[in-house]
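Data first, discussion second: the structure below is written as structure tokens.
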Amino acid sequence: MISIEVLDQKAQQLIRQAGQNAYQKMENDYQIDTKTNYTDLVTTIDRENEQLINDQLRKIDPDSQILSEEGFGDQQINNMQGHVWIVDPIDGTMNFVKQHNNFAVMLALYVDGQPVLGYILDVINNRLYHGRTGAGVYVDNQKISQPADLGLRESLLAMNRTLTLSGNPALKKIAQDAIGLRMYGSAGIEMIGVITGQLGGYISNLKPWDLAAGRMLAEELGLVVKSIDGSSINVLSSNLVLVATRQVSRDIRQIIN
Ligand code: IPD
Ligand code: CA
Ligand code: CA
Ligand code: CA
């Protein structure tokens with residue numbers, strides 16, 4: 001069986017290739033479709049990237065399962081046994097279309113349910129955040145250290161639109177207590193914010209492909225990745241997730257309870 005080290009090298013090449021595809025075509029070389037409603041976009045580049053990544057993964061790691069957003073993965077994944085690759089071909093499709101900025105390609109490998117490899121490519125800055133469980137987190141070739149354990153009142157906090165507008169009193173208090181509130185529109189870019197210490201926390205409703213890579217990287221750096229009520233997350237389902245420093249997580253728990 002192929003080693004994790006070799007899978008790591010191949011995955012890095014693959015995600016860079018997908019990033020380059022998006023970068024080269026982002027000015028106008030694509031079509032846009034809507035999915036569930038007018039705010040839910042998919043482009044031909046989302047689909048191309050997913051096909052590219054999944055086709056290669058099937059060659060490199062033929063016995064694995066693939067969970068991905070745009071329909072080129074395995075139809076049904078009921079368990080996390082063996083190798084499971086989780087793919088977000090463009091994270092922040094709306095930003096890709098509207099800003100040509102603040103979007104990512106994300107990939108993760110879970111083995112028997114445990115995060116092993118994680119990748120977030122910030123396409124515009126051409127920076128690859130990657131890591132292997134037990135071996136640290138890197139941006140390109142530079143190792144990242146654990147961010148300072150700041151509390152909510154010393155931290156910028158990111159929250160998605162749905163939660164910000166929900167009117168939930170606890171979420172409102174959390175947002176008010178933070179030193180400032182941010183909304184970037186890409187789970188990947190927001191996770192990079194927490195991993196690098198630019199944000200003290202990020203709260204969002206996340207699907208498996210929004211969460212898988214960032215969770216691996218954040219946990220490897222000693223950050224908290226939990227459901228907002230403090231319970232463990234299930235990578236196969238949609239979760240209301242908090243990614244945060246330990247102190248921000250404690251501060252938020254206090255507001256919620
Ligand atoms: C979305 C973005 C967005 C988050 C949504 C995600 P997509 O991913 O990460 O920031 O709020 O929940 O679905 O659809 O652009 O890959
Ligand atoms: Ca989407
Ligand atoms: Ca996506
Ligand atoms: Ca996404």
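The values are calculated or read from the model by the stated rules, or taken from the named source; none is laboratory data. The structure displayed is predicted, hence computed values, not measured ones. Heads up, the Cβs are rebuilt from the backbone with ideal geometry, glycines too, and the neighbour counts pull from every protein chain shown.
Computed values, structure above
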| read-out | value |
| --- | --- |
| Matching residues, the range 40-62, being in a loop (DSSP other than H, G, I, E, B), without any contact (Cβ under 8 Å) to a residue 40 or more places away in the chain and more than 16 Å from ligand 2 (Cβ to nearest atom) | PRO62 |
| Flag for GLN176 being among the polar types (S, T, N, Q), exposed (fewer than 14 other Cβ atoms within 10 Å of the Cβ) and in a loop (DSSP other than H, G, I, E, B) | no |
| Subset of the range 3-24 [farther than 19 Å from ASN125 by Cβ and of a type in the set (S, T, N, Q)] | SER3, GLN9 |
| Test for MET159: is it farther than 19 Å from MET106 by Cα, of a type outside the set (Ser, Thr, Tyr) and at pLDDT 95 or above | yes |
| Scan of the range 111-139 for residues that are closer than 27 Å to THR43 by Cα and over 13 Å from the mean Cα position of the chain (by Cα), ordered by number | VAL123, ILE124, ASN125, ASN126, ARG127 |
| Answer from SER231, SER204 - the residue that is in contact (Cβ under 8 Å) with a residue 12 or more places away in the chain and outside the structural domain of VAL87 (by TED's automatic domain parsing) | SER204 |
| Residue list for the range 179-231, filter: away from ligand 3 (no atom under 16 Å from the Cβ) and of a type in the set (Val, Ile, Thr) | ILE179, VAL194, ILE195, THR196, ILE203, VAL224, VAL225, ILE228 |
| TYR202 being assigned to a strand (DSSP E or B), closer than 24 Å to LYS98 by Cβ and not polar (S, T, N, Q) | yes |
| Any hit, the range 70-83, residues being at pLDDT 95 or above, under 22 Å from VAL137 (Cβ atoms) and within 14 Å of ligand 3 (Cβ to nearest atom) | no |
| Output for the range 18-39, where each listed residue is at pLDDT 95 or above, out of contact with any helix residue (DSSP H, G or I) (no Cβ under 7 Å at 6 or more places or on another chain) and more than 16 Å from ligand 2 (Cβ to nearest atom) | GLY19, GLN20, TYR23, GLN24 |
| First in the range 88-101 and small (Gly, Ala, Ser), second anywhere and within 14 Å of ligand 2 (Cβ to nearest atom) and in a strand (DSSP E or B), Cβ under 8 Å, 6 or more apart | GLY92/ALA104 |
| Some residue of the range 229-243 being more than 28 Å from ASN78 (Cα to Cα) and surrounded by 15 or more Cβ atoms within 10 Å (Cβ to Cβ) | no |
| Counted residues, the range 93-108 - those being within 11 Å of ligand 3 (Cβ to nearest atom) and surrounded by fewer than 17 Cβ atoms within 10 Å (Cβ to Cβ) | 1 |
| Which listed residue is more than 22 Å from SER145 (Cα to Cα), within 13 Å of ligand 4 (Cβ to nearest atom) and acidic (Asp, Glu), from ASP55, ASP46 | ASP46 |
| Filter result for the condition that a residue is under 16 Å from the mean Cα position of the chain (by Cα), crowded, with 20+ Cβ neighbours inside 10 Å and touching a residue at least 60 places away in the same chain (Cβ under 8 Å), over LEU199, LEU217 | LEU217 |
| Residue, surrounded by the fewest Cβ atoms within 10 Å (Cβ to Cβ), within the range 67-92, restricted to residues that are within 22 Å of ASN205 (Cβ to Cβ) and in contact with a Ser or Thr (Cβ under 6 Å, 6 or more places away or on another chain) | GLY92 |
